[in-house]
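Take a look at the structure below.
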Amino acid sequence: MKQQKRKKLIFKFLVIILVLCSFNGIRKIKLVRVENVFDEMYYSVTSNRFESFIRGIPYEGNFHYMPQIRYEEWYHTNNVFMFYKQSHLDENESLWIMYIPDSEYSEKKYLSFTLYYYYHDENGEPLPPSDTFYYKYYPEDKLLVYENNDPKNPEREQFLYDLVLKDYFEALGKRSDYSMDDLGEFTFINAMLEGNEDYQTLYRRKK
């Protein structure tokens with residue numbers, strides 16, 4: 001009889017834990033509003049933090065499916081840095097993706113895409129400064145901000161759409177809920193246009 005009572009108590013305890021876990025899971029799902037492809041990218045990394053901890057290796061979320069991406073560094077701050085393989089870029093280019101979930105590191109959590117284009121002298125040596133194009137997506141605000149360093153050649157300023165998103169959808173296929181024809185709902189701000197200068201303050205790091 002005692003063993004049966006003990007088994008019943010254990011069973012009830014397990015059921016309670018299962019219900020609580022399910023409730024917490026539902027709450028988390030409701031708190032995360034995936035409304036566009038950039039949310040999908042960002043939260044695909046966020047949702048796999050536990051798996052990453054258990055396996056002892058970094059996890060790049062949906063970027064894991066992209067053969068163009070190589071993993072570079074993993075910091076204790078939980079920031080993830082990913083780089084495009086040079087074989088998928090022009091020889092004068094460098095492209096990297098940053099996942100920043102830590103509010104201690106930045107004013108806001110974000111996912112950034114940065115493309116550098118380097119000029120060279122007659123001897124093939126890189127000439128400063130390079131052309132730099134930035135896109136930062138803030139999931140809490142559903143806001144995509146574009147900025148550059150006044151490049152000499154602006155033809156690569158659409159790299160996020162022409163290169164990254166194109167490669168992303170090609171690699172994920174039906175795994176993605178979005179497409180080039182439907183990126184979802186978000187606000188886009190070109191911080192370089194007159195009147196949008198205030199949005200550049202989103203780039204400031206905490207002191």
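Each reported figure results from applying straightforward, stated rules to the coordinates on display, with no laboratory input. Remember, predicted model here, so these are calculated numbers, not experimental data. Don't worry about glycine lacking a Cβ; one is built from the backbone with ideal geometry, like all the others, and counts go over all protein chains shown.
Table for the structure above
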item	result
Per-peptide average of other Cβ atoms within 10 Å, ordering 131-137, 161-167 highest first	131-137, 161-167
Distance violations [Cα-Cα > 28 Å] among 85/136; 108/174; 108/152; 136/174	108/174; 108/152
Distance between modelled label sites at residue 170 and residue 153, nm, 7 Å Cα→Cβ extension	2.1 nm
Residue 185/residue 46 FRET efficiency (R0 22 Å; Cβ-Cβ; nearest 0.05)	0.70
Inter-probe distance in nm under a simple model that places probes 7 Å from Cα toward Cβ, at residue 98 and residue 192	1.9 nm
Net charge contributed by nearby residues that have their C-beta within less than 12 Å of residue 150 (K/R +1, D/E -1)	-2
Residues residue 86 and residue 108, FRET efficiency given R0 of 35 Å [Cβ-Cβ distance, rounded to 0.05]	0.70
Segment residue 125-residue 161, extension gain: residue separation times 0.36 nm, minus the distance between their alpha carbons	10.0 nm
